[in-house]
Amino acid sequence: MVTKPAFSNRNFIAACIATLAVGLYLIVDSFIVGRNEFFLLLNTDLGKTADSFFSFWTNLGDGVIWIVVAAVFYYFRKNKMPLLVAAILVSTLITQLTKNYVFPAVPRPTAAIQDMLLIHTVPGVELHTAYSFPSGHTATAFTIYLLACLFIRRTWVVPVGFVYANLVGYSRIYLAQHFPLDVGGGMVTALITILISLYIQQQWEKRKPQV
């Protein structure tokens, strides 16, 4: 009997390449164009419908979303729970260490750009002023995206998940919470997270007694 591989390697590799490509583009362009200038280019007022949409969609990258993901994992992939737990912990650890110690308290757009009239903000959205790099919401969304591509074998998961994660990333720029540089940093964080988490899962499975 032929055993199916545990992961969908083709989808995962495609997702990793797409994530790395966009992440590096955002980082490199931030230095070429300028961090503030690139932000102002993308932070465009798209109207009230977009304001409402991105105010909602950004929540899909909030840490609370891990509760939903954990429930799905527990029901469908209980044997891969170490991978999920590692992903949550590693993503949080990398993000918080970078924000607090590697690049401590980097100012966010509304604190870094003096002329507030240049920035599009959404009424009702609380604006943070520090700990900008990297974007935690983006890191969470792309980590979830990469996890989905690991387990879902249907090819649609690659483009559909990519749209989901990118919209979360863009929402952080649209809502004036992060620079494109921070979003790119969040994507790279997700890649590092998933690779470390896969290694942890592998080591965990090696510890299990062979039947």
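Structure above, values below:
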| quantity | calculated |
| --- | --- |
| Spatially near lysine pairs across the chain, Cα under 16 Å, sequence gap of 8 or more or different chains | 4 |
| Separation in nanometres of the label points that stand 7 Å from Cα toward Cβ, at ASP115 and TRP156 | 4.6 nm |
| Computed lengthening from VAL68 to VAL28, 0.36 nm per intervening residue step minus Cα-Cα distance | 11.0 nm |
| Extended-chain gain in nm, criterion 0.36 nm per residue less alpha-carbon gap, ASN59 and GLN96 | 11.5 nm |
| Burial ranking of peptide ranges 103-116, 190-203 (average Cβ count within 10 Å, highest at the top) | 190-203, 103-116 |
| At least 18 Å along the helix axis (C-alpha) and Kyte average at least 1.6, DSSP helices within the chain | 81-97 |
| Distance from the stretch 119-176 to the stretch 56-74 (C-alpha centre basis), Å | 12 Å |
| Relative contact order computed over the stretch 92-211 (Cα-Cα under 8 Å; 6+ residues apart), in percent | 32 percent |
| Where labels lie 7 Å past Cα in the beta-carbon direction, separation of LEU42 and ILE200 in nm | 2.7 nm |
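Any read-out appearing in this document is the output of simple, stated calculations on the displayed coordinates, not a laboratory observation. This one's a predicted model, so the numbers in the text were calculated from it and none came from an experiment. A quick note on method: Cβ atoms are made from the backbone with ideal geometry, for glycine too, and the neighbour counts reach across all protein chains shown.
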